[in-house]
1. Take the conditions under 23 Å from Thr114 (Cα atoms) and either out of contact with any Pro (no Cβ under 9 Å at 6 or more places or on another chain) or modelled with pLDDT of 95 or more (or both) and apply them to Leu217. Does it pass?
2. Look through the range 55-81, keep the residues that are among the β-branched types (Val, Ile, Thr) and surrounded by fewer than 17 Cβ atoms within 10 Å (Cβ to Cβ), and return whichever of them is farthest from Leu134 (Cα to Cα).
3. Name the one entry in Gly137, Gly188, Gly141 that is surrounded by 15 or more Cβ atoms within 10 Å (Cβ to Cβ), in contact (Cβ under 8 Å) with a residue 12 or more places away in the chain and touching a strand residue (DSSP E or B) at 6+ places or on another chain (Cβ under 8 Å).
4. Polar (S, T, N, Q) and modelled with pLDDT under 95: does that describe Ser200?
5. Looking at (1) out of contact with any Phe, Trp or Tyr (no Cβ under 8 Å at 6 or more places or on another chain); (2) closer than 22 Å to Phe98 by Cβ; (3) aliphatic (A, V, I, L, M), find the lone condition where Ile8 falls short.
6. Can you tell me which residue among Arg130, Arg106, Arg74, Arg36 is among the charged types (D, E, K, R) and within 22 Å of Gly226 (Cα to Cα)?
7. Hey, Leu201 hits all of (1) in contact (Cβ under 8 Å) with a residue 60 or more places away in the chain; (2) buried (at least 21 other Cβ atoms within 10 Å of the Cβ) but one; which does it fall short on?
8. What residue, among those in the range 156-167 that are assigned to a loop (DSSP other than H, G, I, E, B) and in contact (Cβ under 8 Å) with a residue 24 or more places away in the chain, is surrounded by the fewest Cβ atoms within 10 Å (Cβ to Cβ)?
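The values are calculated or read from the model by the stated rules, or taken from the named source; none is laboratory data. The model shown is predicted, which means the values in this text are computed figures rather than measured ones. Glycine gets a Cβ as well: all are built from the backbone with ideal geometry, and neighbour counts include every protein chain shown.
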Amino acid sequence: MHPVCFKIGSFVVYWYGVFVATGIIVASLIFQSQARKKGYSDDVSGQIILFTIIAGIIGARLVHVLSYFHYYARNPVEIIMIRNGGLAIQGGILFGIFGLIFAAKRAKVNVLQTFDMVAMVVPVGQAIGRIGCLFHGCCYGKPTDKWFAIKFPFLDTPVHPTEIYYFFGDLLIFFILYLFSKDKHQDGEIAAWYFIFFGSLRYWVDYFRGDLIRGSLGFYPTQIYGIICFLIGALWIFRIFFGRQKII
């Protein structure tokens, strides 16, 4: 665990922020490459990237702050200190979708086709961002005596390397969706499969998380979020193949 990338006086840059930014850049470059193949101009794809990222970051930070409201109510300046960590993927995806739809409609391009391209590259950004979680020491797992366990200085026992589980899971999702995108598919299908795969990964990995509090239903709140994502994707797939094609 080495959270600090470098320090200049009192200004500190954390690895978490570095890897999140790197993930966004890599995902954006892949999206722009795919968008060119679909006939999107760089100006249009740039607008989609900009609106999606801004909305996603706002949503991710908002959900995180609301989740730890009592802390941020006492330390309001910390709300804008994103480089210190604290982004909730739930809010990032939800608000990012709003930003994507707004940008696609504004540019008068196919919303579902755009959604597919974004959904395909999002796992890359998520995977790289999870390396930042590992350096930062967040999203850690439950105690385990497995040979692949990792040890954080603030914990007494080795734990499941859940950040690494997320990393490889997200990369696998990306490669699967990339292969799907090369084959014939309906508009919106890639995005639907993303929700199914992401929801499944989130439900499974969060079972091994050690920093979460189990809810009254016996699930962690993030597992319920994973179930919701899975159901959204499954219903979307059903609608694509057995219902009307146009969703948005």
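1. Numbers: under 23 Å from Thr114 (Cα atoms): no; either out of contact with any Pro (no Cβ under 9 Å at 6 or more places or on another chain) or modelled with pLDDT of 95 or more (or both): yes.
So Leu217 fails the test.
2. Within the range 55-81, the first condition is being among the β-branched types (Val, Ile, Thr), and the residues that meet it are 57-58, 63, 65, 77, 79-80.
If we keep only those that are surrounded by fewer than 17 Cβ atoms within 10 Å (Cβ to Cβ) as well, we get 58, 77, 79-80.
Working: Ile58: 22, Val77: 25, Ile79: 22, Ile80: 22 Å.
Once the filter is applied, the top-ranked residue is Val77.
3. Details: Gly137 fails: touching a strand residue (DSSP E or B) at 6+ places or on another chain (Cβ under 8 Å); Gly188 fails: touching a strand residue (DSSP E or B) at 6+ places or on another chain (Cβ under 8 Å).
Criteria check complete, one pass: Gly141.
4. Here the answer is no, as Ser200 does not meet what is asked.
5. Ile8 satisfies all of (1) out of contact with any Phe, Trp or Tyr (no Cβ under 8 Å at 6 or more places or on another chain); (2) closer than 22 Å to Phe98 by Cβ; (3) aliphatic (A, V, I, L, M) except (2).
6. Values: Arg106 fails: within 22 Å of Gly226 (Cα to Cα); Arg74 fails: within 22 Å of Gly226 (Cα to Cα); Arg36 fails: within 22 Å of Gly226 (Cα to Cα).
None of the other options fit; the residue is Arg130.
7. (1)
8. Going through the range 156-167, the residues assigned to a loop (DSSP other than H, G, I, E, B) turn out to be 156-158, 160-161.
Okay, now just the ones that are also in contact (Cβ under 8 Å) with a residue 24 or more places away in the chain, so 160-161.
Details: His160: 21, Pro161: 19.
Going through the qualifying residues, I end up with Pro161.
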